Amino acid sequence: MSKAAKKKSSKKRSGSEAAQFDQKTIQEFKEAFGIMDQNKDGVIDKSDLKDLYASMGQIAPDSQIDAMIKEASGPINFTVFLTLFGERLTGTDPEATIVGAFAMFDKKDCGKIKEDDLIKILQKQERRAIGRG
Ligand SMILES: [Ca+2]
């Protein structure tokens, strides 16, 4: 994988967004997706988001989760996730991708999700992954 992929694109086109990402970006989004998909069934749904909030010690009201899910027109699988967030969040770390995703989701309750909390989750997930072997 080349480091040249870091250059900034000034193009602001919409359309077939999902096809435009490089491998590195896709890998980062996969990591972010994997963390948000708490039960690892390949789709981010209501219970995943609830679990994610719960792991940050927060209880999210159903109405809020519903509003988040409604951002997508259907089940949020990886492709949908990439399409939803990819056009707005590119070339960032998995942490930043998730923080950005939440910032977009969390319009009504701004500031509830803190980067620190997410990093804690990421670290927990990493530890879990290592422990599992
Ligand atoms: Ca899931």
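Going through the stretch 20-62 one residue at a time, which ones are touching a residue at least 40 places away in the same chain (Cβ under 8 Å), assigned to a loop (DSSP other than H, G, I, E, B) and surrounded by 14 or more Cβ atoms within 10 Å (Cβ to Cβ)? Answer for the stretch 20-62, where residues must be touching a residue at least 40 places away in the same chain (Cβ under 8 Å), assigned to a loop (DSSP other than H, G, I, E, B) and surrounded by 14 or more Cβ atoms within 10 Å (Cβ to Cβ): Phe21, Met56. If the condition is being more than 12 Å from the chain's Cα centre (by Cα), within 13 Å of the ligand (Cβ to nearest atom) and not acidic (Asp, Glu), then the stretch 44-64 contributes Lys46, Ser47, Lys50.
We did not get these values from a lab; they are worked out from the coordinates using the rules stated. Owing to the predicted nature of the structure, the values given are computational and were not obtained by experimental measurement. In this analysis, Cβ positions are derived from the backbone assuming ideal geometry, glycine residues included, and neighbour counts consider all displayed protein chains.
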